[in-house]
Amino acid sequence: MSVEKRVRVFASFEDADVADARDDAAMSSEERLNILIELRDRRHPDAAEQRLARVSRVVELGRS
């Protein structure tokens, strides 16, 4: 799994934003998810092994 790196030159920031939006819309949900996982793994290499803490709390319901 690897993010494709490429350079593109645009005449304006608006043109670049339109092109980015078009590219994002063309991606499948699986491609987006793969990119997310790769970026998370780069930032937090041990994230896949960590688990969320299980927390529970008992609260009393108030009467309205």
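Throughout, read-outs are computed from the coordinates displayed, never taken from laboratory work. What you see is a predicted model; the values in this text were computed from it and never measured. Please note: Cβ atoms are built from the backbone with ideal geometry, for glycine as well, and neighbour counts cover all protein chains shown.
Taking the helices alone, the chain has a mean residue ellipticity at 222 nm of -14500 deg cm²/dmol, built from -39,500 (n - 2.57) per DSSP H run of at least 4 residues and averaged over all its residues. Loop-located trypsin sites (Lys or Arg not before Pro) across the range 2-64 with a Cβ neighbour count of 12 or fewer within 10 Å are 5, 6, 8, 51, 54, 57, 63, with loop assigned by DSSP. About the centre of its Cα atoms, the chain shows a dipole size close to 480 debye [charges on the beta carbon of Lys, Arg (+1) and Asp, Glu (-1) only; nearest 20 debye].
Of the two radii for the chain, the radius of gyration is 1.27 times the Kirkwood radius, both from the alpha carbons; that is the Rg over Rh value.
Annotation for the range 1-58: GluC sites (Glu not before Pro) lying in DSSP loop with at most 14 further Cβ atoms inside 10 Å of their Cβ are 4, 49.
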